[in-house]
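Please read the structure below before turning to the comments.
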Protein chains: 2
Amino acid sequence: MRRHILALSGGVGGAKLAAGLAAVLPPCDLTIAVNTGDDFEHLGLTICPDIDSVTYATAGLNDTQRGWGVAGETWQAMAMLRQLGETDWFNLGDRDLGMHIARSWRLRAGETLSEVTGRLTNGLGIAHAIVPMSDAPVRTQIVSDEEVLDFQHYFVREQCRPVAQAIRFEGAAQAQPSPRLAEALSRPDLAGVIICPSNPYLSVDPILAVNGVRQALAALPVPVVVVSPLVGGKSLKGPLSKLLDELGAEASNLAIGKHYKGLATHLVIDDADAADAEGLHALGLSVTITGTVMCDADDRERLARVALSAARIEQEDHGTR
Amino acid sequence: MRRHILALSGGVGGAKLAAGLAAVLPPCDLTIAVNTGDDFEHLGLTICPDIDSVTYATAGLNDTQRGWGVAGETWQAMAMLRQLGETDWFNLGDRDLGMHIARSWRLRAGETLSEVTGRLTNGLGIAHAIVPMSDAPVRTQIVSDEEVLDFQHYFVREQCRPVAQAIRFEGAAQAQPSPRLAEALSRPDLAGVIICPSNPYLSVDPILAVNGVRQALAALPVPVVVVSPLVGGKSLKGPLSKLLDELGAEASNLAIGKHYKGLATHLVIDDADAADAEGLHALGLSVTITGTVMCDADDRERLARVALSAARIEQEDHGTR
């Protein structure tokens, strides 16, 4: 019986649904492949913001007030680094630093990012597979008229000030999918793919850009359910709208439907965007309308069940695309 | 006029006197060269326990209760590392980790240990020169019947359990003195050398073992004042007596006087060991008897002045050896 689910996730919003899926599915039935395009080297440490967001959310360690990082975090190491004259534009909590230190030294010791991520998530008691999209470095970069910036430099350090001309996923074309992502894509018991509510252009496209992933997804005989990151036509996390405007990427469910053309079979959209259903149907997509804002564990699990139901309905209705 | 002082220091006890010297001498008149034999690589970080002890003591950041590390320290990163299954035998505070992260990434970026140490001590507002004995790695190792252990592994991880057969300073013979130590040794205005109250066999010998340092010290036409680390014939920090016993190194001022034969001109010993003076005189050494226990800044500065006076008296009495 087809019962395995592959989830693709970026950071915050995606991480919430990934945690919801992990709460309602047994470990053997779920693979969560995470964007690593936002990864970067900082103060000698390899930081994987999206893997950490998914990990902290799934382990129940995430700070729901601040929206990122670990709950109950302290900032002593950062205070010392600041005193020592080191750069402080990327705020690193003490507990979070424990994660980066462990990851960085294991990578330097020769482990792959998949191995390290397995080790670290197991350490936090997570039985589900949280895997990087690739073990090879892929770097999402913003090309502006003046320079090329790694994403965190553009987003956090420069606060999105440079005018973006293009976005690129450096290294993606040469990067192979991680072993567990490749395995999930070729499992005979794969029942469906859920694209978590992450930014399509910034958080999901890097995953699709990894060598062969887009083609493999397009060829899958299973439903691909996109949970829209929009509520009322707007991204819940606002600061990227400037970037998307500059790139001519429209923030609407219709634009998302078109963006995923040939990949998605189903969109889950928010109640506030119910009017978008008609246009999406016209694109040949099935639509589920529900509340998509996730404030707590109940919300995350409910939305996970809705997305899984959509995948199952698709599976029963269509068999294959 | 000869007025520059070169201090040689190990960790805790030595660090206290080094801080005292920095409190009573202007920055231009003092070079503090620190043992790096206890340095080690841990979780991908380069840790320099003695440099940090001297730095924290001189910056007034040291924890005087615990006897090591930074005052007001927290342990959140270590708690996370432990949860992630990483080794926790060497306890790293959060503020301390800020120091190790900064040092490690600067070293990886190509700075020398001297450059990094200058940068970090300046960051903490220290105007005095705290310099490594060498920029090349030297590792104090304990040779036991079963294995060769880096010092921190022997001392902290194994709690001194292995039976020591020998001590060695791996890399010392090939290591050149750091630029600032070499400069201090050849300054025409060098007035004296003060060997701070650190373990002669474990903390000072590695400095002397650096290529050319022992010979340069022996050839200096200035007083070399050793402040004994013993009080009442015992080391203030106890756990190393087992090691010294196994190596046949006697913990007495007479043994220390013999150990530094040809180098030292003067010993500063504690009131409790006044009876040792006669034997030391017989070795040709001058002796100052005073209280050497340093509990607070006043103690440190007083002992610093006593040691400096001893150097000045030596200078006036003997001119050269």
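Readers should treat all values here as calculations from the given coordinates under stated rules, not as data from a laboratory. Since we're looking at a predicted model, the values are computed, not measured. Here the Cβ is made from the backbone with ideal geometry for all residues, glycine too, and neighbour counts use every protein chain on show.
Remarks
- Cα centroid separation - segment A:55-106 against segment B:252-302, whole Å: 48 Å
- Sorted shortest first, the distances from the B:Thr112 label point to those of the same residue in the other copies are 4.2 nm; each point sits 7 Å from Cα along Cα-to-Cβ.
- Chain B: angle of helix B:12-24 to the longest principal axis, Cα-based, in degrees nearest 10: 60 degrees
- When +1 charges are put on Lys and Arg Cβ atoms and -1 charges on Asp and Glu Cβ atoms, the dipole computed for the protein assembly as shown relative to its Cα centre reaches about 420 debye.
- Sequence-distant residues sharing a close amide H with A:Val224 (under 5 Å, placed H): A:Val193, A:Thr265, A:His266
- Inter-copy spacing of B:Pro188 label points, which lie 7 Å from Cα along Cα→Cβ, given in nm from shortest upward: 8.9
- Copies compared at A:Arg66 - label distances in nm, ascending, label defined 7 Å from Cα in the Cβ direction: 2.1
- When both segment B:5-48 and segment A:166-185 are represented by their alpha-carbon centers, they are found 48 Å apart.
- The label point for B:Leu247 and the one for B:Arg168, both projected 7 Å from the Cα toward the Cβ, are 1.4 nm apart.
- Antiparallel DSSP beta bridges within chain B, as percent of all bridges there, nearest 5: 40 percent
- Kirkwood hydrodynamic radius over Cα pairs of chain B, then Stokes diffusion coefficient at 10 °C and 1.306 mPa s, in µm²/s: 80 µm²/s
- A cut-off under 11 angstrom between Cβ atoms defines the neighbours of A:Arg139, and their net charge, with Lys, Arg +1 and Asp, Glu -1, is -4.
- CD proxy at 222 nm, helix term only [per DSSP H run n ≥ 4: -39500 (n - 2.57); per residue of chain B; nearest 500]: -11000 deg cm²/dmol
- Axis-proximal residue of chain B for the rotation onto chain A, reported as residue and distance in whole Å: B:Asp94, 2, based on Cβ position.
- Rounded to 5, percent antiparallel among DSSP beta bridges of the protein assembly as shown: 40 percent
- Neighbours of B:Val148 by Cβ distance under 13 Å: Lys/Arg scored +1, Asp/Glu scored -1, total -4.
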